Amino acid sequence: MKATFEKLKTLPEVQKGMKFIEDDAQNTFDQILELVQIPAFSRHEEKKADRFQEMVETEGYKTVRDEVNNVYTIIEGSDPKAPTLYVSAHLDTVFPLDTPLNIRQEGNRYYCPGIGDDTAHLGDVLCLLRAFRESGIKPRGSVILGGNVGEEGLGDLYGMKNFFKNNADKVDGFLSIDGSGEGVCEAGTGSHRYKVSFKGPGGHSNGDFGMPNPIHALGRAISKFADMPAVPDPWTTFSIGVIDGGTSINSIAMECSMLVDMRSNGKQELDDLDFEFQRLMRAAVDEENARWKRDRKLLATNPHLGYQDREPADRLVEMTIEQVGDRPVGNQTPDAEICRIAEACYESVGRKISFTGAGSTDANIPLSLGIPAMAICGSGKEGNGHNVNEWFEFTDFGVGIGKIFLMILGMVGVEGETDPLLTRRDR
């Protein structure tokens, strides 16, 4: 593998492409600054997809835009038996559409929500397209380059799910450009996410005292859930991130809800956690309803008509559990072929790769389907991700994007020069 990358570096057309990437840095950064000012909250990426598509087409490439707003182009390879590699950065950010997207500069550092995660790396994709065009390189395998939707939060990887539902039989490897530095996320942490809603008849906190209370049921559920045992291997986590509901301090709520996040690096562990979660939710509701049945005779002396006028069946809390996220586990180790290719590529440009283990990225979907994949870092430096003070530094474009350019060429091969390092799947 090292020999392949050393040979690639000596090829005049590759050297031309790498030099172009360095010279194109300011143009790339200008595009990043334009794109970051277009709101793109998960599942609301249309406007950013519009502009990104225009930018790709301006470079002379035909685009494909699917029904969920993934945008990509295909650089056709010369050898139909060579592997096809899909490379993408995500269009969406975590910031709601009304978030101010004002750029602030301090020295070499630019602040704006979403600038690093992942707008900067949409710029990387555009630069890569220009590098292919300007260098005249003819890859042996096909390269799909684009921007995808739905990576963040409740986007639930719907962009990747849609792409691979329609194209899994056409792709042999996948690279998600996400983050900066030398890190590579080589495996996928699975997650199940739920909205749990509790509903009841509600009433006056004093006059209807004794009515089963949805918020009390939610509290019982949180207590049970929070007391679940930790599972450190494979790493498994659980959290309640949002609670909502209620009317006033002197009311028995009619409804409330919570958002639940469960994750694991093991599929069976995630399924087991999910099963126990659902059991505990049902138990919490049963306990809330049973608690007030025990005191019904005492509470029947309540002089307020609100309680007496209700039938027992009308006094119960009910619960619904709605799944709002399902990211599959994707198992892969650093000794996998695609990881070893990446490591050899990094070494060829004088960088030491850092395998970060499992994470929740666009690579989860192909990995869960048995397609080699990983999330790799792109250009520049960034920090304060998912924070309104997110920043990106305009630096290291040549090596940052250059190593991805070289990696792509190593994986798919160059016509008349190198064989593909990536194995073509039996598909």
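The values are calculated or read from the model by the stated rules, or taken from the named source; none is laboratory data. Since the model is a prediction, treat every value here as computed from it, not as a measurement. Every residue, glycine among them, receives a Cβ derived from its backbone with ideal geometry; neighbour counts consider all protein chains shown.
In table form, for the structure just shown:
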| read-out | value |
| --- | --- |
| Residue selected from region 145-170 under the condition in contact with a strand residue (DSSP E or B) (Cβ under 6 Å, 6 or more places away or on another chain) and of a type in the set (D, E, K, R), by the criterion farthest from residue 375 (Cα to Cα) | 156 |
| Residue satisfying condition, being in the same structural domain as residue 126 (by TED's automatic domain parsing), acidic (Asp, Glu) and surrounded by 21 or more Cβ atoms within 10 Å (Cβ to Cβ), within set 92, 98, 79 | 92 |
| Failed item, numbered, when residue 210 is tested on (1) within 29 Å of residue 279 (Cα to Cα); (2) small (Gly, Ala, Ser); (3) in a helix (DSSP H, G or I) | (3) |
| Condition check for residue 176: surrounded by fewer than 22 Cβ atoms within 10 Å (Cβ to Cβ) and either in contact (Cβ under 8 Å) with a residue 40 or more places away in the chain or of a type in the set (A, V, I, L, M) (or both) | no |
| Region 59-108, subset more than 25 Å from residue 153 (Cβ to Cβ) and of a type in the set (Val, Ile, Thr), residue farthest from the chain's Cα centre (by Cα) | 75 |
| Test result for residue 209, surrounded by 15 or more Cβ atoms within 10 Å (Cβ to Cβ) and in contact with a Cys (Cβ under 8 Å, 6 or more places away or on another chain) | no |
| Residue in region 121-132 that is within 19 Å of residue 33 (Cβ to Cβ), in contact with a Gly (Cβ under 9 Å, 6 or more places away or on another chain) and of a type in the set (Val, Ile, Thr) present | yes |
| Subset of region 292-315 [at pLDDT 60 or above and either among the β-branched types (Val, Ile, Thr) or in contact with a His (Cβ under 8 Å, 6 or more places away or on another chain) (or both)] | 301 |
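Every residue, every condition in (1) at pLDDT 95 or above; (2) farther than 22 Å from residue 86 by Cβ; (3) hydroxyl-bearing (Ser, Thr, Tyr), yes or no:
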residue: 158; (1), (2), (3): yes, no, yes
residue: 162; (1), (2), (3): yes, no, no
residue: 176; (1), (2), (3): yes, no, yes
residue: 179; (1), (2), (3): no, no, no
residue: 204; (1), (2), (3): no, yes, no
